[in-house]
1. Against the longest principal axis of the chain, how steep is helix 102-111, in degrees 0 to 90 to the nearest 10, with axes from Cα atoms?
2. Using the Karplus curve 6.51 cos²θ - 1.76 cosθ + 1.60 with θ = phi - 60°, work out ³J(HN,Hα) for each residue of the range 57-74 in order, rounded to whole Hz, and write x for Gly and Pro.
3. 5 Å is the cut-off here: which amide hydrogens, built 1.01 Å from N in the peptide plane, fall below it relative to I4, excluding neighbours closer than 5 in sequence?
4. Just from its helices, what would the mean residue ellipticity at 222 nm be for the chain, if runs of 4 or more DSSP H residues each count -39500 (n - 2.57) and the sum is divided by every residue, rounded to the nearest 500 deg cm²/dmol?
5. Which of the lysines could be linked to K211 by a straight reach, that is with a Cα gap under 21 Å, when you skip same-chain ones fewer than 8 residues away?
6. Out of these labelled values of log10 I(q)/I(0) by the Debye sum over Cα atoms at q = 0.07, 0.12, 0.14, 0.16 Å⁻¹, (i) -0.32, -0.81, -1.04, -1.25; (ii) -0.21, -0.64, -0.89, -1.17; (iii) -0.26, -0.73, -0.97, -1.21, which was calculated from the coordinates shown here?
7. How far is helix 147-159 tilted, in degrees, relative to the longest principal axis of the Cα atoms in the chain, given as a value from 0 to 90 rounded to the nearest 10?
8. To check you understand DSSP bridge types, tell me what percent of the beta bridges within the chain (both residues inside) are antiparallel, rounded to 5.
Amino acid sequence: MAVIELRGVQRRYQVGDIVVRALRGVDLDVESGEFVAIMGPSGSGKSTLMNTLGCLDRPTEGRYLLDGLDTSEAGPDEAADIRNAKIGFVFQGFNLLARTSALENVELPLFYDRSGSGADAAARARAALEEVGLGDRLDHKPNQLSGGQQQRVAIARAMVNDPAFILADEPTGNLDTEMTLEVMSLFQDLNERGKTIVMVTHEPEVAAYTKRVITMRDGAVVSDAPVTERRRAAADLVDWKRRHAALAAEVAS
C-alpha cells in the first residue's frame, strides 16, 4: 500500500518579477515499510519536497495523497491535524523543550490530538521511549542527555502517535560519527519493525543505510534507485568502537 502518492506536483514562488519553479511535476510513490533517502544539491527542490510531504506547504498544482487522504486542498487547521495524526517529524536540531523531561517532550504531540486517541499520554510516551532504548531516562532533561540520546527522544516523540510515516530532516547533521551510527542503527531497527521512513540528507554515507535513494535536481526527480550495497549501521558502530579503542590503546602505550 502506498503511504505517499505525488502526482504532477508543482510548486511555484513569486520572487519580485521572477517566478521560481521549486518543483516541476514530481511523481513519487512511497510504499508502507520503505526507508527512503531524498538527496540533491542546494536549490534542487529537496527542501520544498520535504515541506510538501510534511504538509507544511501546498502544491501549486498536482495532488498529494497521504495514506489515501488527498491533502492538496487542506486548509491550515486540517493540515495541522493531518501533520499531527499522520506524520512524525525528526529535525536536525532535535527541537526539544529544554526545561522539560524526556517523557514530557514525547507526550507533547498527544496534547494536540483532537481525535480523542491521546488517552493515557504518559503510558504511550513511556512505551515510545522504551522502544528507542531510553526507558531508564524518562525524567532526564535534554541537557542531561547526549546528542544521540536527544535525537532518540525526538524519534520517540515522532512515533508516539503511530504516524503513517516518519519524516526526518538531516537527522544526523548535528551528530558525531558514533552518535550518527547509533541513530541510523535505530532507524534501521524501526524500519525492520515496519516503520516507514523518509529522510532528507546531503550525506551519501548516511543514505547508504536506507533502502532507496531519490535524487533531486532543478525541481525534478533525476534518479530513483534501490540501495544495492546497503550498509548495516549496527555493524559499522561495532567496528568504529573497535578501531577507536585500538587507537586509544596505541596512544596510551
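Read-outs throughout are calculated quantities, based only on the coordinates presented, and are distinct from any laboratory measurement. Just so we're clear, the structure is a prediction, and the values are computed from it rather than from any experiment.
1. Computed tilt is about 20 degrees.
2. 9, 10, x, 5, 9, x, 10, 10, 9, 10, 6, x, 9, 6, 9, 4, 10, 5
3. Here V30, D67 satisfy the definition.
4. -11500 deg cm²/dmol
5. Within the straight-line limit of under 21 Å, K211 reaches these lysines: K46, K195.
6. So the calculated entry is the one marked (iii).
7. Approximately 50 degrees, to the nearest 10.
8. In the chain, approximately 60 percent of DSSP beta bridges are antiparallel ones.
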